[in-house]
Amino acid sequence: DSEPLVLGIETSCDETGVGVVRGHTLLADAIASSVDQHARFGGVVPEVASRAHLEAMTPTVERALADAGVAFEDIDAFAVTAGPGLPGALMVGVAAAKAYALSLGKPLYGVNHLAAHVAVDQLEHGPLPKPCVAMLVSGGHSSLLLVPDVATDVRPLGSTVDDAAGEAFDKVARVLDLGFPGGPVIDRMARDGDPAAIAFPRGKYADGTYDFSFSGLKTAVARWVEARERAGEPVPVADVAASFQEAVVDVLTHKALRVCKDNDVQDLLIGGGVAANSRLRALAQERCEAAGVRLRVPRPKLCTDNGAMVAALGSELVASGKAPSELDLPADSSLPI
Ligand code: KG4
Ligand code: ZN
């Protein structure tokens, strides 16, 4: 057990996550979510999230330590999401992590949320190939990254110019009256629908960039549904869900594989909440096989926001010899990668 024991804290959005890892071994991944408190608003309410983090922090840390079977004093280093994310939510995690690190006199590592989404895969599939390409798709981000080294060199190549992929799922679910969060229910509904029923637009499909755009698609779905309702015709919800979902995953997989090809990289990692999407997984697998690219997708619990991902990156930073953060580490809502 010569590798350091790292505790990671994640509070960038609506999940209070606390993970404990040793090297690439996951020991605990405790989570408290405020998602139910946001459901009736149809999206995450920042003030509600911050308050929930405050209440959940201590119990979640205690649960993680108990699950890992270690004492608080055994922790060798702390890691915390410093950004990007909701300012008030980030601040709760950063303040807590500073207090824990200070009280034990142990190092504190502020980490980037997106890089942490990449690093977490090592807990499931072992060391990341260097380089690899990562596509992160969630309610807050849709990014394509070239990753020569997750601890020291993560290069953003493109991202969404408007809505994130998960945001599009959530907004379309609202149009279809399916509730929040929209991704899981659209995924389920789409299984009974025809993905070719409606030709929805594929924004920025062939524009030569690595950026995404989903707001035109969201508007197209809303207009299509409105037209049906105005005509007094029933809305074929399963077909709309399947056709919308197909448009999203078609563009995502197309661009991700273009990044691999253009950079001569043979390993693609997909992470973030939308990586739980069954059609995205299937199409990515199919297109990766055709292109000779190996696909890595962490299990769903590691794809959505969690503390283990922060601990995983913290562990990587310790191993890389990188200097820890100072105790005046700021929470930075728009922290660049
Ligand atoms: O990573 P995550 O838990 O939180 C952040 O946004 O950072 O991702 C949540 C997002 C939501 O927009 C949700 O609708 C979407 O991921 N999502 C899915 C699926 N499961 C969750 N989207 C499509 N298909 C799914 N199965
Ligand atoms: Zn995230």
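Structure above, values below:
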quantity	calculated
Cubic angstrom per residue, convex hull over Cα atoms of the stretch 41-143	135
For the chain, calculated [θ]222 nm from helices alone, where every DSSP H run of n ≥ 4 adds -39500 (n - 2.57)	-14000 deg cm²/dmol
Distance between modelled label sites at R230 and D332, nm, 7 Å Cα→Cβ extension	4.7
Inter-site label distance for R63 and A196 at 7 Å from Cα along Cβ, in nm	4.6
Average silhouette area of the stretch 130-298, convex hull of alpha-carbon atoms, in square nanometres	9.4
For the stretch 42-98, alpha-carbon Rg and Dmax in angstrom	12.9, 41
Inter-probe distance in nm under a simple model that places probes 7 Å from Cα toward Cβ, at R294 and T152	2.2
Candidates per GluC sites (Glu not before Pro) in the stretch 244-337, loop by DSSP, up to 15 other Cβ within 10 Å	E326
For L5, distant residues with modelled amide H under 5 Å away	D76, A77
For the stretch 250-337, convex hull of alpha carbons as volume per residue, Å³	139
Stokes-Einstein translational diffusion, the chain - Kirkwood Rh over all Cα pairs, 1.306 mPa s, 10 °C, in µm²/s	78
For the stretch 83-137, Kirkwood radius (reciprocal of mean inverse C-alpha pair distance, Å)	13.3
Formal net charge of residues neighbouring Y210 (Cβ-Cβ distance under 9 Å; K, R +1; D, E -1)	0
Trypsin sites (Lys or Arg not before Pro) restricted to DSSP loop in the stretch 261-337 with at most 15 other C-beta within 10 Å	K322
Fraction of beta bridges assigned by DSSP in the chain that are antiparallel (%, nearest 5)	60
Over 25 Å (Cα to Cα) - which of K130/K255; K255/K322; K171/K255; K261/K301; K204/K301; K218/K261 fall in this group	K255/K322; K261/K301; K204/K301; K218/K261
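Here, each number is a calculation from the coordinates, and none is a lab measurement. Just so it is clear, the structure is predicted and the values come from calculations on it, not from any experiment. FYI the Cβ positions are ideal-geometry reconstructions off the backbone, even for glycines, and counts take in every protein chain you see.
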